[in-house]
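The values are calculated or read from the model by the stated rules, or taken from the named source; none is laboratory data. In this text, all values refer to a predicted model and were calculated from it rather than measured experimentally. Glycine also receives a Cβ, built like all others from the backbone with ideal geometry; neighbour counts cover every protein chain displayed. Accessible surface is based on the protein model in full, side chains and every heavy atom, while ligands, DNA and RNA are left aside. Shrake-Rupley method; radii C 1.70, N 1.55, O 1.52, S 1.80 Å.
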Amino acid sequence: MPHSGGGGSHGGGSHGGSHGSHGSSSYRSSHYFHGARRFRKRYHDGREEYFYSRSKPVKTGISGLVFMLLFGSVFTALMGIGIGSEIPKRLNEEYRTPSSRIYDNIDVIEDDSELEDVLEEFNDLTGICPVVYTMTVQDYNREYVDLKSFAYYQYLDMFDDEQHYLVVYAIPEYQVEDYRNGRMDIPDYEFEVMMGDETDNIISDNMQDRFINDVYESLEDGDRPEEAFEYAFGRMTDSADKRLNGNGNLRVFIPVIFVGLIFLIPVIAMIVNIKKEKEFEYEEVDLTEEDLKSAPTIDMANPYAGMPGRNYNPAMGTAFKAIMTVMMIPFVCIGIGLITGGVTEMASGDVFGTVKLVFGIVWTSIILIMLVSVFRALRNSEKKDPVMTADYPKADMPHAEYPQADYPEASDPEIRKRPFWSPKSDYDDDDDDLRRKGYE
C-alpha cells in the first residue's frame, strides 16, 4: 500500500512523511594425574607416543565437517541474499509508460516541457514513475479531511502498483485566476507526496526529506510550481544516480565476508586435523607402577589441588552457565528473528520466506541443543566430582587399651594423715641402723 512521503503548505511549513517499511576436548598430559588412563598414539611409520587422559580421544569426524560446511554455506548464503535484497536497484517496471506525467487540472503550470523532461529522466534512471497532479482545495475538502487523505485514495484510483511517486499540488479555487495571470506571487498552496512501497529501496529518508524541503523553499521564494518541481526532482535524480551506480554498495557485503570467514576457519582446521589423524591410531594401554607412584600427594585441605580437570567449583560452574546463557542470547534472537521474518514473508506470498523459516527453526534448535549440552556436561561434572574426605577416628570408636597402673588413692587414711610437706621419708625406718651415733 502507498504511504505518505511528506508535504507542506504556505505559512504552515513542511513536514515529513511515514517512510517505509575436531578432536576430544578432554585434558591430556605427558605425566600421570589422578583418575587418568594411559593411551598410546601409534603412528603408521612405527613411532609411538604415550599420554594420559580421562577419556579416549576421538578423531575429527567427516560428519562434523560436512555439517559445518552445510551450515556455514546456508547461513552465509541466506545472509548474502538478505543483504543483497536491500541494495538499491532499478525497478522492473510493472506499468505502462504514460504519454505525460503531468496532470494540470487547474492550468497553473505555464511551461511543462522542461518539467516533463526532468520527470522522464528520473523515471528512466530509477524505474519509478513520477506524477505531478494539480487541483483546487475545494476539489478535495468536500469528501476528504485533508490533502493527505485525498492523495492516498487518488493513488489507489490511478495506479495498481507500488512503483509510482505522486505529488499533489492544490491552491484555493478563488486564487486560481489571480495566480494564472500573475497578480498573485504566492498563493495559499498545499502539496503532498504519496509514494508506492517499492520506491523505498531507492528513495532514502534523507532523499525524501530533502525533496520536500526543496519544493517548499522554492514555492516560498515565489517560484512557479513547475520550477519548484524541476529543481527538486533534478536534485533527487542526482542522489538516486549515486545510490544506484555508486561503488559504495559493495561495502554492505563486508559482514557477509566476515561471517563466511568465521565458518571457514574451523572448516580448514577440521580438514587439517582429519589429514593429520590419518597417520596414527589411538590405543589404551595399562598403567604402570611408576605412573601410580608419580601421582601427586593429596592435600586434605584441598583434595583436588594439582589434579588437572578435577578442580570443579560449584560457584564457577554457575558463573559459567550464566556466561554461556548471555553469549547464546544474541544467537537465539537471530533465530527467532529469522522465524518471524519467514512467517511474515510467507504470509505476503514471498517464496523466500519458507527458506528463511526452515533455516530459522534449524538455527534455533542447534543453539538450544548446544546450550542444553553444556548445562548437562556441567551437571555431570558435579556428580562425578565427589569431595574426598580423610578417615579420621570417629567419636564413637573404642579407645585403645592401655595397662592400668596401681597408684595410691587419695582416700587411703595413711596418705591423708601425712602432710605433703613432711620431711620424714618412707625409707627413714629402714635406714635407722645405718645412722652414726651422736648424729640423731
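Things worth noting here:
- Within this structure, S149 fails the test of being in a loop (DSSP other than H, G, I, E, B) and within 29 Å of D188 (Cα to Cα).
- Complete set of residues in region 350-385 that are touching a Lys or Arg at 6+ places or on another chain (Cβ under 7 Å) and either farther than 15 Å from A322 by Cα or modelled with pLDDT of 70 or more (or both): F375, D385
- Answer residue from region 111-145, given it is open to solvent by 70 Å² or more (accessible area, probe 1.4 Å) and in contact with a helix residue (DSSP H, G or I) (Cβ under 7 Å, 6 or more places away or on another chain) and is farthest from D223 (Cα to Cα) among those: E121
- Within region 73-88, residues that are open to solvent by less than 40 Å² (accessible area, probe 1.4 Å) reach partners that are among the polar types (S, T, N, Q) and at pLDDT 65 or above with beta carbons closer than 8 Å, at six or more positions or on different chains, in the pairs P88/N201.
- Yes/no for G35 being in contact with a helix residue (DSSP H, G or I) (Cβ under 8 Å, 6 or more places away or on another chain), surrounded by 12 or more Cβ atoms within 10 Å (Cβ to Cβ) and more than 30 Å from M158 (Cα to Cα): no
- Neighbours by Cβ (under 9 Å, 6+ apart or cross-chain): first from region 175-187, under 19 Å from Y216 (Cα atoms) and assigned to a loop (DSSP other than H, G, I, E, B); second open to solvent by less than 50 Å² (accessible area, probe 1.4 Å) and β-branched (V, I, T): P187/V108; P187/I171; P187/V176
- Qualifying residue in region 333-349 (condition: modelled with pLDDT under 70 and either under 16 Å from the mean Cα position of the chain (by Cα) or open to solvent by less than 70 Å² (accessible area, probe 1.4 Å) (or both)): yes
- Residues in region 173-198 that are closer than 19 Å to I128 by Cα, in contact with a Pro (Cβ under 9 Å, 6 or more places away or on another chain) and open to solvent by less than 10 Å² (accessible area, probe 1.4 Å): M194, M195, G196.
- Those residues of region 197-236 which are among the aliphatic types (A, V, I, L, M), in a helix (DSSP H, G or I) and touching a Ser or Thr at 6+ places or on another chain (Cβ under 6 Å), in sequence order: M207, I212, A228
- Here N302 fulfils each of the conditions (1) touching a strand residue (DSSP E or B) at 6+ places or on another chain (Cβ under 8 Å); (2) modelled with pLDDT under 70 apart from (1).
- If you filter region 50-70 down to residues that are open to solvent by less than 40 Å² (accessible area, probe 1.4 Å) and not in a helix (DSSP H, G or I), you find that the one that is nearest to M270 (Cα to Cα) is T60.
- Each residue in region 105-138 was checked for being out of contact with any Asp or Glu (no Cβ under 7 Å at 6 or more places or on another chain) and in a strand (DSSP E or B), and 6 pass.
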